[in-house]
2 protein chains.
Amino acid sequence: MKLGLFGYGVIGRGVYTLVENLTKRYDVEMVKVFDLPIKKEILGDKLVTDIYDIINDEDIKIVVEVLGGHDLPYEVISGCLKKGKSVITANKEVVSMHLEEFINLAHQNNCSFCFEASAGGGIPVIRPLIDNIKVNDVNDIFGILNGTTNYILTKMDDEGLSFEDALALAKKNGFAEANPTADLEGLDIVRKINILSSLAYRGNICNDDIYHYGITGVTKQILDDIKSRGYVLKFVAASHRDGNDVTIRVEPTMVPNGHPLSAVKNEFNAVLFTGSTNDTLEFYGKGAGSIPTATAIVSDLVSILENRAYIGYRNENKLVVNQKTNVCAKYYVIDKEDKVSIRMDMSDEELLASKFYARIL
Amino acid sequence: MKLGLFGYGVIGRGVYTLVENLTKRYDVEMVKVFDLPIKKEILGDKLVTDIYDIINDEDIKIVVEVLGGHDLPYEVISGCLKKGKSVITANKEVVSMHLEEFINLAHQNNCSFCFEASAGGGIPVIRPLIDNIKVNDVNDIFGILNGTTNYILTKMDDEGLSFEDALALAKKNGFAEANPTADLEGLDIVRKINILSSLAYRGNICNDDIYHYGITGVTKQILDDIKSRGYVLKFVAASHRDGNDVTIRVEPTMVPNGHPLSAVKNEFNAVLFTGSTNDTLEFYGKGAGSIPTATAIVSDLVSILENRAYIGYRNENKLVVNQKTNVCAKYYVIDKEDKVSIRMDMSDEELLASKFYARIL
């Protein structure tokens, strides 16, 4: 089975190595790799610099897309699926925006679309979720879905670092990007909770409809106060559905000590599902990193090679994303005069007018 | 697709109900149910009282075995696989003893053998493990795998109950069997860690080779002392491999606060895998109960209906189970004079000569 790889960056190199290890057990070969001309020295004749050298190659039946960004990956994924090539991607931006289209293209062209690595990184969560929801109606999802921000909050809380120092350390250790805005403001989490919610609730959700409030206002003093109340602050995505009404919010959240999410530290991630038959399930592991992410990608590859690839939803439900505040939620609010109060029935306007707030789980 | 069910007890009834819900999406029908004649009133014409009424029925392609015990389930599972019927079971005793034989029978007869519910109950762990080990070499497994004992330890620790009162409460709430010896001594955990280890390390392990030490010696005083040291006591299965050498021990274990296993309470279970490419993965959920277990069984059923059933190992490795104490482990030991000490390099004889001991994680 001939494979093509789009992107030879940090994750692409991990995939390349793991696929080489796989050749002991499976008849697979990575025949072409798309990247910039500068990679010629490493990749030799395998390098192609035109995506259509892979898309139009009829010998290649499976491709892995790890380019990052939106436009080029979208062209690659839809182009390959239309040619009947199975596609594996880790691209949360593209998957969160076009999941239904890609699943339908895969169905129409009798190939697979796999995206285990797009939410939860190295944690096997997409496949267990797809299996589980055949039997279990999932109604709530709680996730710590971003390694960068969880690393920062852990270092501030456990080692007393300031926000700035924790962010600098995250950058130094490769857990934060040069421009960490998408992580700090929760946009990265929005995309991942969108993918998980769309799958679990079998419908489409627009990233723009998901409320998010970032962690840049967190200080050491706030964390200490929260700790003294028996909680730990985490950056949590909370998704709930009631019939076809969906509420999704990404907010700093006070998690009580002893709660399964309270023990998720550093670059680890976790996702917790609650449903009709299964009560609570939690999946925990490294949410990012070259080798964990590549492992999830290559697990998808093996499932395709063994004809066991998962089958996603076909937009069965017309979901309506609720834009109102979750009025049942309790909030920890610091007002402009630094006065702390515990409040319910807060509107988003009131919450955003505060100096800092956190949801209380 | 016509199905047969062996056993209409607590789990069997859950399976029956979930399969009825499934008929909206899949062409499935439960046509025969094996149980005692006394179930005639509930099951009517579907009841059969001879296992061969199902085994020899060529119209039935998939069976679910939830009888419990060893001899009859073994006859049912091997008989059905030999007839080319796919088998789904929750029976940890039979699976832990005959896994290789069943997997080979399934391969030979071109059908599936699925056992997601046999370890970890309602937690999807077998399938993610089988997928994951295609890429990741798992070398360590830690599990809280028994709902009864975890419930007892939680109630003693959080609510100050005595061992006897906690056990009585577990029985009253349906979390402990009338004769709880297999749970309290760790035999139930032995079977489950055997199944997980056999899969992860791709080889056979004999239940009798797995060391286990029960929790009947735990007192409120011991739990308080352990708590004051910053730990919580859990009944943990620890499995490690080094090449083909395997060490598996089931022991009361002191888990440090903040460790992912420390937040696993009441009837919940969790399994933690550490491997070559994935660092640590944890799966958490309800380890027992009618509907969670039935959910795992019916997830297996759906994977067979969608032609995505998992493929287990074929005994690739000759594993040798190490019978020696893990000499690197640290132990909390209470001697016959009630003196507490922290020890290393203890032999099993010395450990068993103590009044109580716990491994320190």
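Here, each number is a calculation from the coordinates, and none is a lab measurement. Everything numeric here is computed off the predicted structure, so don't read it as measured data. Here Cβ is always computed from backbone atoms with ideal geometry, including for glycine, and neighbour counts include all displayed protein chains.
The table for this structure:
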item: Fluctuation leader among B:Ile38, B:Ile55, B:Ile126 - chain B, Gaussian network, Cα springs under 10 angstrom; result: B:Ile38
item: Hypothetical label at B:Asn257: residues of the range A:220-234 whose amide nitrogen lies under 19 Å (7 Å Cα-Cβ projection); result: A:223-234
item: Inter-site label distance for A:Glu41 and A:Arg229 at 7 Å from Cα along Cβ, in nm; result: 5.5
item: Kirkwood-type radius of chain A, with distances r between different C-alpha atoms, in Å; result: 21.2
item: Order of A:Cys328, B:Cys114, B:Cys80, B:Cys206 - criterion: other Cβ atoms within 10 Å of each residue's Cβ, fewest first; result: A:Cys328, B:Cys206, B:Cys114, B:Cys80
item: Entries of A:Lys85/B:Lys85; A:Lys24/B:Lys192; B:Lys220/B:Lys355; A:Lys286/B:Lys220 with Cα pairs more than 25 Å apart; result: A:Lys85/B:Lys85; A:Lys24/B:Lys192; A:Lys286/B:Lys220
item: Per-selection metrics, the range A:2-114 (Cα): Rg and Dmax in Å; result: 13.3, 39
item: Rg to Rh quotient for the range B:144-187, alpha carbon positions, Kirkwood Rh; result: 0.93
item: Rounded to 5, percent antiparallel among DSSP beta bridges of the protein assembly as shown; result: 60
item: B:Leu319 long-range amide H proximity, modeled H, under 5 Å; result: B:Asn204
item: Note, ³J(HN,Hα) from phi for the range B:328-338, Karplus 6.51, -1.76, 1.60, rounded to Hz, x at Gly and Pro; result: 7, 6, 9, 10, 9, 10, 10, 7, 4, 8, 6
item: Coordinate range along principal axes, alpha carbons of the range B:58-122, Å, largest first; result: 29, 23, 22
item: Rounded to whole Hz, the Karplus (6.51, -1.76, 1.60) HN-Hα couplings of the range A:123-135, x for glycine and proline; result: 7, x, 10, 5, 5, x, 5, 4, 5, 5, 6, 5, 10
item: GNM flexibility winner over chain A from A:Ile304, A:Ile152, A:Ile42 (Cα, springs under 10 Å); result: A:Ile42
item: Mean ellipticity per residue at 222 nm, deg cm²/dmol - from DSSP H runs of n ≥ 4 across chain A, formula -39500 (n - 2.57); result: -10500 deg cm²/dmol
item: Copy-to-copy label separations for A:Gly174, where each label sits 7 Å from Cα toward Cβ, in nm and ascending; result: 4.9
item: Sorted peptide list for A:92-100, B:284-292, criterion being average Cβ within 10 angstrom, highest first; result: B:284-292, A:92-100
item: Inter-copy separations for B:Asn139, label at 7 Å along Cα-Cβ, nm, ascending; result: 4.4
item: Quarter of the Cα convex hull surface for the range B:228-281, i.e. its orientation-mean projected area (nm²); result: 4.7
item: Descending semi-axes in whole angstrom, ellipsoid equivalent of the protein assembly as shown, from the Cα gyration tensor; result: 38, 35, 26
item: Residues whose placed amide H lies under 5 Å from that of B:Asp137, excluding near-sequence neighbours; result: B:Ser276, B:Thr277
item: Sorted by Cβ density within 10 Å, fewest first, the residues B:Asp131, B:Asp158; result: B:Asp158, B:Asp131
item: Placed amide H near B:Phe356: partners under 5 Å, 5+ positions off or other chain; result: B:Ile334
item: 24 Å Cα-Cα reach of B:Lys83 towards lysines, excluding residues that sit fewer than 8 places from it in its own chain; result: B:Lys2, B:Lys32, B:Lys46, B:Lys61, B:Lys92
item: Karplus-derived HN-Hα couplings along the range A:59-69 (A = 6.51, B = -1.76, C = 1.60, θ = phi - 60°), whole Hz, x at Gly and Pro; result: 6, 8, 9, 9, 10, 10, 10, 9, 7, x, x
item: GNM result for chain B, Cα springs below 10 Å: residue of B:Asp300, B:Asp209, B:Asp45 fluctuating most strongly; result: B:Asp45
item: Shortest-first nm distances, A:Gly230 label point to equivalent points in other copies (7 Å, Cα→Cβ); result: 2.2
